[in-house]
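What follows is a short report on a single structure.
The numbers here are math on the coordinates, done by the rules we state, and not lab data. From a predicted model like this one, the values you see are computed outputs, not experimental measurements. FYI the Cβ positions are ideal-geometry reconstructions off the backbone, even for glycines, and counts take in every protein chain you see.
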Amino acid sequence: MSKNRIEIWGDTVNPKELVLSILIISTTTMSAHLIAPADNRTMGLFFGLGGAVLGFLITVKLFKPKRIIQEEEEV
Amino acid sequence: MDASILIWMVLAAMMAVMLYTFIGFIPGTDETSVLLPISLALVLSGVEPIIILTFFIASIVTLNLTNTMPTALVGLPGGVMSSAMIEHSIHIKATGKAAETIKKMAAASFIGVLISVPVSLTLAHLLTPFAETIQPFAPWLFIIGAVFLSLISRQKLLSLFSILPLAMLFQSLRHLYWGLNVVPENTTITVSFFLGITIGPLLFTLFRLLNKDTLKSALISSDKTITLPKDIQEKRLNPFKILDKEERKHLSIGALIVNALFVLSPVGLTILIGETIGKRFKNRDDNARMSVITMSGVIQATYLSGIIIPLLALGIPLSPVALGPGAALFNAPPVLTLDNNLHHMLGFGEFTLAVVLGALIALSISYVLISRHAKTITRFILDHIPHESVLALFIAFILLLAFMDAGLINIFGVLLIGLFCGALNKMGVNYGVQFMSLYAAPHLLNLIVGGF
């Protein structure tokens with residue numbers, strides 16, 4: 001198996017997918033924020049958070065968790 | 001008060017429970033980063049203050065309860081607070097008692113809330129007469145607070161020496177933005193600086209990985225292996241029956257003490273009280289069990305007292321919880337300012353109603369949900385939510401709030417803060433000292449320049 005994982009904050013990630021995720025969620029967040037009415041701080045924040053959720057869902061679909069999950073055996 | 005407000009309060013609490021149950025189970029979700037943007041959005045949207053408070057109390061009760069679950073079940077801390085119990089949780093898992101212990105932890109969390117809500121409301125009530133005397137000294141209190149938190153932290157000298165450089169960093173950015181006409185001179189940027197501090201350690205870690213050699217040496221080949229404990233058949237729900245007498249006693253003492261210590265760091269307090277009580281038990285298994293049970297109750301009490309007492313009695317964010325996750329309830333211009341926030345808008349009766357309602361709704365729903373389905377939810381999150389998405393979401397939150405505070409330039413301003421604060425954090429300067437320095441910065445630098 002090739003070396004393409006790093007451990008950050010107690011869990012493993014693929015650096016390339018991490019960079020892509022950051023790009024995707026940042027893009028959706030900032031685009032949503034910029035299409036909100038410009039003079040309204042509240043709408044700007046809501047649009048931005050909405051964009052963040054959208055980006056989050058896209059990356060959840062695109063990438064798989066890097067975890068091996070086992071169920072404990074009966075003792 | 002009319003009935004529609006009451007209905008909205010109940011709905012707000014239920015929304016908070018749904019949202020933060022999900023977030024709480026995701027490993028590594030930092031409390032401040034997930035609580036602040038959403039409470040800020042609510043405040044800015046002009047929602048009634050009493051509904052905001054109900055929502056916020058329900059959020060912290062739910063989050064503190066659910067965060068302990070991935071910690072106990074799979075050994076990944078759900079948030080900053082539960083990282084305090086990670087060692088004990090791993091021991092408990094290794095002895096095969098995880099499933100049994102999480103029920104006890106949830107029960108302990110439940111009792112922690114039941115103790116802390118009345119006690120902190122009473123303490124706040126007792127402190128209120130002194131509020132007018134204390135308030136004019138607020139700028140001084142932040143300076144004293146920064147020094148105090150340094151002196152009780154593990155790295156005293158390092159923390160003390162960090163206060164001034166930190167204050168200079170924050171003020172220099174504010175003056176830079178004023179000088180460049182990025183923001184008007186009466187605007188003091190706080191929120192995004194604050195999140196810069198919170199996300200600091202992550203930014204620092206990621207930035208280091210941009211160095212190719214560092215990245216190369218950090219690369220590993222295997223995924224993280226995670227073991228889920230088997231289910232146990234525990235049908236009881238009464239939290240007083242799930243815990244035995246000794247467990248109830250120790251956790252109650254712990255939860256009681258921390259209410260009076262609301263100015264201290266919640267993580268620090270949790271470790272201090274949990275370990276002190278745990279150490280009374282020499283057997284490693286008992287020691288681990290008693291520590292995590294006590295900590296579960298103490299976590300709730302630190303958060304509840306940390307927000308209730310400063311907000312109800314003073315209106316000044318004088319605790320790490322108020323400075324951090326609860327910041328939007330004190331200061332979210334233009335809606336809330338330090339002279340006109342939830343403290344000034346809500347009477348004692350309304351305040352109490354919001355706190356009790358928020359806490360009770362959150363407890364009853366999330367406690368039952370967790371006691372029955374903790375494992376199923378954890379399994380679902382671990383199977384479907386990649387760690388990449390979680391980390392990237394934080395970065396996007398920061399980008400957004402930085403941009404909203406002061407435009408493009410502030411994205412780099414917040415990066416600067418994140419790198420500096422993250423580096424200090426890795427060296428041992430805790431969040432409390434850093435947050436307090438941010439609030440102390442204007443007055444502290446005036447003192448240095450203008451003399452006493």
_Nonlocal amide H pairs with A:T12, under 5 Å, H built at 1.01 Å_ = B:K224
_Once you keep just the Cα pairs under 8 angstrom separated by 6 or more residues, what percentage relative contact order results for segment A:13-62?_
40 percent
*For chain B, what is the relative contact order in percent, using Cα pairs closer than 8 Å and at least 6 residues apart in sequence?*
32 percent
*List the residues whose amide H sits under 5 Å from the amide H of B:L336, counting only those 5 or more places along or on another chain, with H placed 1.01 Å from N in the peptide plane.*
none
_For segment B:384-438 and segment B:220-299, distance of Cα centres in Å_ = 30 Å
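Which order do the peptides B:213-226, B:68-81, B:25-38 take when ranked by the mean count of other beta-carbon atoms within 10 Å per residue, highest first? All intermediate terms of the calculation are to be shown ahead of the outcome.
Numbers: B:213-226: 13.3, B:68-81: 25.9, B:25-38: 23.1.
Descending packing order for the listed peptides: B:68-81, B:25-38, B:213-226.
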*With runs of 4+ DSSP H residues as the only contributors, calculate the mean residue ellipticity of chain A at 222 nm using -39,500 (n - 2.57) per run, divided by the residue total and rounded to the nearest 500.*
-20000 deg cm²/dmol
*Taking every residue in B:41-53, how many Cβ atoms of other protein chains lie within 10 Å of its Cβ, on average?*
2
*asked:* Apply the a/c threshold of 1.5 to the C-alpha gyration tensor of the protein assembly as shown and tell me whether it is rounded, prolate or oblate.
replied: rounded
*For the charge dipole of the protein assembly as shown, defined by +1 on Lys and Arg C-beta atoms and -1 on Asp and Glu C-beta atoms about the Cα centroid, which residue among B:L360, B:F330, B:L202 has the Cα displaced farthest towards the positive pole?*
B:L202
*asked:* Could you tell me which residue out of B:S109, B:N259, B:F193 lies farthest along the dipole of chain B toward its positive end? Charges go on the beta carbon: Lys and Arg +1, Asp and Glu -1, centred on the Cα centre.
replied: B:S109
*Rounding to the nearest 20 debye, state how big the charge dipole of chain A is about its Cα centre with +1 on each Lys and Arg Cβ and -1 on each Asp and Glu Cβ.*
480 debye
*How long are the three semi-axes of the equivalent ellipsoid for chain B, computed from the Cα gyration tensor as the root of 5 times each eigenvalue, in whole Å, largest first?*
33, 27, 21
*Taking Cα centroids, how far is segment B:104-165 from segment A:28-75 in Å?*
33 Å
*If you count, for each residue, the other Cβ atoms within 10 Å and average over each peptide, how do B:106-113, B:200-207 line up from highest to lowest?*
B:106-113, B:200-207
_List the residues, sorted by chain then number, that are 5 or more residues from A:K66 or on another chain and whose placed amide H is less than 5 Å from its amide H._
B:H387
*About its Cα centre, how strong a charge dipole does the protein assembly as shown have in debye, to the nearest 20, once Lys and Arg get +1 and Asp and Glu get -1 at the Cβ?*
1280 debye
*Shape of segment B:170-238 from its Cα gyration tensor (a ≥ b ≥ c, root eigenvalues): rounded if a/c is under 1.5, otherwise prolate when a/b > b/c, or oblate?*
oblate
*Looking only at other chains, what is the average number of their beta-carbon atoms within 10 angstrom of each beta-carbon in A:11-21?*
6
*Please state the relative contact order of segment B:330-452 as a whole percent: Cα pairs under 8 Å, 6+ residues apart?*
7 percent
*asked:* In whole Hz and in residue order, list the ³J(HN,Hα) couplings for segment B:296-309 that follow from phi through the Karplus curve 6.51 cos²θ - 1.76 cosθ + 1.60, θ = phi - 60°; x for Gly and Pro.
replied: 4, x, 5, 4, 4, 5, 5, 5, 5, 5, x, 9, 5, 5
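Between rounded, prolate and oblate, where does segment B:332-452 land on the alpha carbon gyration tensor, with a ≥ b ≥ c its root eigenvalues, rounded for a/c under 1.5, else prolate if a/b exceeds b/c?
Working: a/c = 2.19, a/b = 1.28, b/c = 1.71.
It comes out oblate by the Cα gyration axes.
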_Mean-position separation - Cα centroids, segment B:302-348 and segment B:184-199, in angstrom_ = 17 Å
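Taking 0.36 nm per intervening residue step and subtracting the Cα-Cα distance, what contour gain separates B:V368 from B:N211 on full extension? Write out the running numbers ahead of the final one.
On the way: separation 157, 0.36 × 157 = 56.52 nm, distance 4.72 nm.
Extra length from B:V368 to B:N211 when fully extended: 51.8 nm.
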*Among B:T276, B:T225, B:L408, which residue has its Cα positioned farthest towards the positive end of the charge dipole of the protein assembly as shown, with +1 placed on the Cβ of Lys and Arg, -1 on the Cβ of Asp and Glu, and the dipole taken about the Cα centre?*
B:T225
_Cα centre as origin, Lys/Arg/Asp/Glu Cβ charges: chain B dipole, Debye_ = 1500 debye
_Structure-based [θ]222 nm, chain B - -39500 (n - 2.57) summed over DSSP H runs of at least 4, per residue, nearest 500_ = -25000 deg cm²/dmol
